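Okay, so here's the structure we're looking at.
The values are calculated or read from the model by the stated rules, or taken from the named source; none is laboratory data. These numbers were taken from a predicted model, which means no experiment stands behind them. Every residue, glycine as well, gets a Cβ built from its backbone with ideal geometry; the counts of neighbours run over all protein chains shown.
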Amino acid sequence: MTADEIRELENYAIGVPLGQIEDADMLAFIGSLIQDHSHLREKLLTEPNRNKRGMKLDAMRPHLKFRASSLETYELAEAARACGAQPIYEEQAQMEQKRIWMPPSFVHEVPR
């Protein structure tokens, strides 16, 4: 398979709604392409059937680069996003709490 064919397959997998995909291998491939929780939430919600959405999440879960939350978490995050709030996932909140903030640097300033 050439690089162009691989890129074409990746573009198809990312662009097609999850509701049109039933193949387990394609779900695994899509799982390997998902970047983060927000990307997963957007992809999951392209499946209109809630039961199938849960099964597809379970099929993609082992192939994700991060630990996926529950389906309910993503649905609630989408509801929050629809209301204008930016959803924050537990992983992101923990990282933010552990972040080390550096004091402002004045090295670049030239005295007058």
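Within the stretch 70-97, residues that are at pLDDT below 75 have Cβ atoms under 8 Å from residues that are among the basic types (Lys, Arg) in these pairs: PRO87/ARG41; PRO87/ARG81; GLU91/ARG67, counting only partners at least 6 apart in sequence or on another chain.
Can you say whether GLY31 is closer than 23 Å to GLU8 by Cα, more than 15 Å from the chain's Cα centre (by Cα) and among the small types (Gly, Ala, Ser), as far as the supplied structure shows?
The answer is no for GLY31.
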